[in-house]
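The values are calculated or read from the model by the stated rules, or taken from the named source; none is laboratory data. Note that this is a predicted model, so its numbers are computed, not measured. A quick note on method: Cβ atoms are made from the backbone with ideal geometry, for glycine too, and the neighbour counts reach across all protein chains shown. Keep in mind that these areas ignore ligands, DNA and RNA; they rest on the heavy atoms of the full protein, side chains included. Shrake-Rupley method; radii C 1.70, N 1.55, O 1.52, S 1.80 Å.
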Amino acid sequence: MQMETEYCSATMNYLGGLQTVPVEVSIKNGRLAHHLSWQSNGFELINSKSAVQNWSNDAEIARVYYDEMSMLARAMTGCDHALVAGHIHRNPEQADLHEDYAPIQFVHSDFTDNYGDLLIQRYRQNSSEAASALSSSGITVDDMARAKRLLILQFWRNLGPEQMDYPLAFCDAQSVPRADMHSIHVPNYAGGDFAFDTFAVTPPPSQDAHEWYVFPAMTRDEAVAFRTFDSKMVATGAPYWTPHSAFLDETAGVNAPARRSIEVRATCLFF
């Protein structure tokens, strides 16, 4: 008999030596788990309507959505500034341009302990996106470097049909010990010039040791907020990571539409 919160079983690709290891896991329905929060578990579902009319228009997204997500990040975290300097579309057209823009079917958490320093270095390179984000917040990169705390809160939004082929699942940070997290180097992402380290995750000791959740039937008026870095938690050794991965949702059927989603990252600064 299934637990009332279980959504499905699925295969997740974990790190195993120099290759991936498929592991069958149970994924719970996050809509029925009312205890989830980004502070405690690393992620949560939020209501979040946007004024964006054309999600294919990158200029409109930069003009409208970045400010919306910056305001939302400030409201959720209490930070002084929240910088948003880019977005990623995941859909078939973007995947054709670069394979890194396909849904990532590998259990990972985006950043490791050194990400704060790397990000400040990145902002010092003065890309147009970074300069615009700083200008919108009225601060400089030197101000950014003086922040007492730097937190990354990301937002994932479904832009396509409510049921899709490869939805995104999130793992409760409290269920994944540091020993399961392993740093791997990413020399570039999608052909970019920014090198960083990411956490790959090794298989759990038992099927249910890592607690996985998905939010079925997400609409454009919802988003999942999830934490991928927090300098304060790095300093204390707390689990700031939020492992996540796309998975093949067999409940959607063999003709499920391809996933269409957008991701933005807010760099939250506390002074």
Fill in the blank from the handout: So, first residue farther than 19 Å from residue 32 by Cβ and open to solvent by 40 Å² or more (accessible area, probe 1.4 Å) in segment 209-234, second residue of a type in the set (Lys, Arg) and at pLDDT 95 or above, Cβ within less than 8 Å, six or more apart or across chains; the pairs are 220/157; 221/49; 232/149
Exercise for the section: Look at segment 118-128 and say how many of its residues are surrounded by fewer than 22 Cβ atoms within 10 Å (Cβ to Cβ) and of a type in the set (A, V, I, L, M). Expected result: 2
Fill in the blank from the handout: Those residues of segment 16-48 that are in contact (Cβ under 8 Å) with a residue 12 or more places away in the chain, assigned to a loop (DSSP other than H, G, I, E, B) and of a type outside the set (S, T, N, Q) come to a total of 4
Completion exercise
When segment 18-41 is checked residue by residue, the ones that are small (Gly, Ala, Ser) and open to solvent by 20 Å² or more (accessible area, probe 1.4 Å) are 26, 37, 40
Exercise for the section: Determine whether segment 237-245 contains at least one residue that is of a type in the set (A, V, I, L, M), modelled with pLDDT of 95 or more and closer than 24 Å to residue 163 by Cβ. Expected result: no
Completion exercise
(1) surrounded by fewer than 20 Cβ atoms within 10 Å (Cβ to Cβ); (2) farther than 19 Å from residue 13 by Cα all hold for residue 115 apart from (1)
Problem - All positions within segment 55-91 that are under 24 Å from residue 257 (Cα atoms), open to solvent by 50 Å² or more (accessible area, probe 1.4 Å) and in a helix (DSSP H, G or I) - result: 58
Exercise for the section: Restricting attention to segment 92-103, report how many residues are of a type in the set (A, V, I, L, M), within 22 Å of residue 12 (Cα to Cα) and surrounded by fewer than 16 Cβ atoms within 10 Å (Cβ to Cβ). Expected result: 0
Handout entry: Flag if residue 183 is free of Cβ contacts under 8 Å to residues at least 24 places away in the same chain, more than 30 Å from residue 255 (Cα to Cα) and not β-branched (Val, Ile, Thr)
Key = no
Problem - Lone unmet requirement of (1) touching a Pro at 6+ places or on another chain (Cβ under 8 Å); (2) surrounded by fewer than 16 Cβ atoms within 10 Å (Cβ to Cβ); (3) of a type outside the set (Lys, Arg) for residue 109 - result: (2)
